[in-house]
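Asks: I'd like to ask you about the structure that follows.
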Amino acid sequence: VAVVVGALILLVWLLLDPHPIDDGTRPTTPAAQAMTAGDVLKPKPCYRGATAPFTPTRITVPGVTRNATVLALPRDANNVPEAPPISDVGKTQFAWAVAPDPKPGSDRGNALFNAYTWPDGTALGNKLLDGLQVGDKIIVHGHLRGTPQTLCYRVTKRDVIVASDGSFEYYEREGPPQLALIVCSPPRLGPGNWLHRTIWYASPMAS
């Protein structure tokens, strides 16, 4: 009887023992590790930029404007690219000169853009005059046959000219691909009459 009782006790102990001796043959479960939330992956806007001409629809200039609307407009009767409408909305928008002028992503020539400067300092042109310098970035968003496109530019030159002199450089179609952006700049001589134009030239950034 004593032998039977002892055997039963041994069997129960083996079955219920929560910490069996590890002889190296049994896999062990690693201790629980603290879990941390992973970083949210965000697409880089200048990664794999557009390599073909596309229609621009919005422009971001970091520190100046974000996703400003781009209006595709023709040249007027004087062969000058049209500007956005004179309104509270129009003063926040860019205008882009449509064909025959180049598109962003073209392999040569200037894609022509313009924006308003207002005497009260509230228009997009005023913000560009205050905040856009050589070395800054301009991000152009648009589409090519319905597919979203993005192309980043780096400002390489900021030029100030007398408005009455005009600028052949701004209208260049055969030179290296660039974004050319023009706004009126002080002093203001009267309604709609500004002495100078400020022009930024920007080159496509490598993807």
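Asks: Determine which member of the set THR156, THR198 is touching a strand residue (DSSP E or B) at 6+ places or on another chain (Cβ under 6 Å), of a type in the set (S, T, N, Q) and under 16 Å from THR117 (Cβ atoms). Walk me through it before giving the result.
Replies: Working: THR156 fails: under 16 Å from THR117 (Cβ atoms).
On inspection, the qualifying residue turns out to be THR198.
Asks: List pairs: first residue in segment 42-63 and within 14 Å of ALA111 (Cα to Cα) and open to solvent by 20 Å² or more (accessible area, probe 1.4 Å), second residue assigned to a loop (DSSP other than H, G, I, E, B) and at pLDDT 95 or above anywhere in the structure, Cβ distance under 6 angstrom, at least six positions apart or on different chains.
Replies: ALA52/GLY105; PRO53/LYS103; PRO53/GLY105; PRO53/SER106
One line per residue, one yes/no per condition, for (1) open to solvent by 30 Å² or more (accessible area, probe 1.4 Å); (2) assigned to a strand (DSSP E or B); (3) touching a residue at least 40 places away in the same chain (Cβ under 8 Å):
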residue: ALA99; (1), (2), (3): yes, no, no
residue: ARG108; (1), (2), (3): yes, no, yes
residue: TRP118; (1), (2), (3): yes, no, no
residue: GLY125; (1), (2), (3): no, no, yes
residue: PRO148; (1), (2), (3): yes, yes, no
residue: LYS157; (1), (2), (3): yes, yes, yes
residue: LEU181; (1), (2), (3): no, yes, yes
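Asks: Next question. ARG197 - would you say it is of a type in the set (Lys, Arg) and modelled with pLDDT of 95 or more?
Replies: Values: of a type in the set (Lys, Arg): yes; modelled with pLDDT of 95 or more: yes.
Spelling it out, ARG197 is indeed of a type in the set (Lys, Arg) and modelled with pLDDT of 95 or more.
Asks: For segment 46-62, indicate whether the set of residues that are part of a loop (DSSP other than H, G, I, E, B), in contact with a Cys (Cβ under 7 Å, 6 or more places away or on another chain) and at pLDDT below 95 is non-empty.
Replies: Within segment 46-62, one or more residues are part of a loop (DSSP other than H, G, I, E, B), in contact with a Cys (Cβ under 7 Å, 6 or more places away or on another chain) and at pLDDT below 95.
Asks: Just for segment 76-85: of the residues that are at pLDDT 95 or above and open to solvent by 30 Å² or more (accessible area, probe 1.4 Å), which one is nearest to LEU129 (Cα to Cα)? Steps first, answer last, please.
Replies: Here is the first cut: in segment 76-85, the residues at pLDDT 95 or above are 81-85.
Within this subset, residues satisfying the condition of being open to solvent by 30 Å² or more (accessible area, probe 1.4 Å) are 82-83, 85.
Details: GLU82: 20, ALA83: 17, PRO85: 20 Å.
Residue satisfying both the conditions and the ranking: ALA83.
Asks: For ALA99, all conditions in the list (1) modelled with pLDDT of 95 or more; (2) farther than 21 Å from MET205 by Cβ hold save one; what is the number of the exception?
Replies: Here ALA99 meets the rest and fails (1).
Asks: Going by what's in this entry, would LEU73 be described as of a type in the set (A, V, I, L, M) and either within 21 Å of the chain's Cα centre (by Cα) or modelled with pLDDT under 60 (or both)? So that I can check it myself, show each step before the final result.
Replies: Details: of a type in the set (A, V, I, L, M): yes; either within 21 Å of the chain's Cα centre (by Cα) or modelled with pLDDT under 60 (or both): no.
It is false that LEU73 is of a type in the set (A, V, I, L, M) and either within 21 Å of the chain's Cα centre (by Cα) or modelled with pLDDT under 60 (or both).
Asks: Residue check: is GLY142 open to solvent by less than 60 Å² (accessible area, probe 1.4 Å) and either under 16 Å from ARG66 (Cβ atoms) or at pLDDT below 95 (or both)? Steps first, answer last, please.
Replies: Numbers: open to solvent by less than 60 Å² (accessible area, probe 1.4 Å): yes; either under 16 Å from ARG66 (Cβ atoms) or at pLDDT below 95 (or both): yes.
For GLY142, the condition - open to solvent by less than 60 Å² (accessible area, probe 1.4 Å) and either under 16 Å from ARG66 (Cβ atoms) or at pLDDT below 95 (or both) - is met.
Asks: Can I ask one more? Which residue out of ARG197, ARG154, ARG145 is basic (Lys, Arg) and farther than 21 Å from PRO53 by Cβ? Lay out the reasoning, then the answer.
Replies: Values: ARG154 fails: farther than 21 Å from PRO53 by Cβ; ARG145 fails: farther than 21 Å from PRO53 by Cβ.
Exactly one residue qualifies, and that residue is ARG197.
The values are calculated or read from the model by the stated rules, or taken from the named source; none is laboratory data. Just so it is clear, the model here is predicted, and its values are computed rather than measured. Don't worry about glycine lacking a Cβ; one is built from the backbone with ideal geometry, like all the others, and counts go over all protein chains shown. In case anyone asks, the SASA skips ligands and DNA or RNA and just uses the protein heavy atoms, side chains included. Shrake-Rupley method; radii C 1.70, N 1.55, O 1.52, S 1.80 Å.
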